[in-house]
Amino acid sequence: MDQSVVYADLKFAVAPACPTAPDEDDSPYENVPLGTVAAAPTPGSWPQRWRVPAGLLAASLLLLLVATVALGACYWQVTRRLQDTSREHTAEQGRLSQEVSAREQSLEQTRLELAWARVELQRLWQEGNSSQLELESLNAELGHTREELAVLQKEMQEVQGKLNNSESTVSSLRACVNTDCCPSGWVLYRSKCLFISVETKTWRDSQEYCGGQFAQLLVLGDWSEWTVPHFVQASGAKYWIGEKYWSYSSAITSSGRISPYPSNKNLPWICEKPPDLSSPSKTLFPLLAKG
């Protein structure tokens, strides 16, 4: 059969996994001369030089079949890859969802812990304020106690000083038992030297007599009635003592009662002065009164 067209050798190769752009060098129509395209003839009137060879048609069909198979395989691979990607995406999304849920739970737990910590901090702050107030109160009480302690220490020092003086006086008075601490005719009574007169004078004259003896009329002070010397109570008389009220002076009775008495009347009197503890003598007292 005459063939006016020279056909190039058909090249067949295994189709790639996915179709790519066709190479112009591999086209089966690369040697077909280009010319003016004539109008399609009616059936039965095809000129012989326009008839498609059977080999070329078979090759074209085979090529089309190969391309279809290749496209199908490529479509299947792409579809499978899409499915795998979709499954991976779903799995990743599930994992991310679980991670987000876990993070949300952790965040909620953290919020609860933070709220509890705030409540605890508020409680501790209130306790701290209460403790601060208690501490200030205790400090104030401590300061007051220290002041009271200082006063007590001062009073204790004063009492200790008085006690020391009293002990010294008692020791000296004990020494007076065997020494002459009071003048002759005077008696020692409650750490005082007393002179009880047998004469009578007015209150003023009695006071002048005591002054001449470097003494004074008796001042009872905190002595109570029942501590009046027994020799005064037993005398049955009244004695001038050192208190005076205008025209009346004080006299003590034998019962120990003090009462005002006219100053111009004559009564015996009682003088007092402290004992002389600096120059004792060897003489014994003729009389040591006892309360």
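Of all the numbered requirements in (1) closer than 18 Å to ASN266 by Cβ; (2) crowded, with 20+ Cβ neighbours inside 10 Å; (3) at pLDDT 75 or above, VAL232 misses one, and that requirement is (3).
For region 45-52, does any single residue satisfy the condition of being at pLDDT 60 or above and either assigned to a loop (DSSP other than H, G, I, E, B) or not hydroxyl-bearing (Ser, Thr, Tyr) (or both)? Yes: one or more hits. A single member of ALA115, ALA73, ALA67 is of a type in the set (A, V, I, L, M), assigned to a helix (DSSP H, G or I), modelled with pLDDT of 90 or more and out of contact with any strand residue (DSSP E or B) (no Cβ under 9 Å at 6 or more places or on another chain), and it is ALA115.
Among the residues of region 160-168, some residue qualifies, meaning at least one is assigned to a helix (DSSP H, G or I), aliphatic (A, V, I, L, M) and closer than 30 Å to LYS192 by Cβ.
The values are calculated or read from the model by the stated rules, or taken from the named source; none is laboratory data. All values derive from a computational prediction rather than experimental measurement. Don't worry about glycine lacking a Cβ; one is built from the backbone with ideal geometry, like all the others, and counts go over all protein chains shown.
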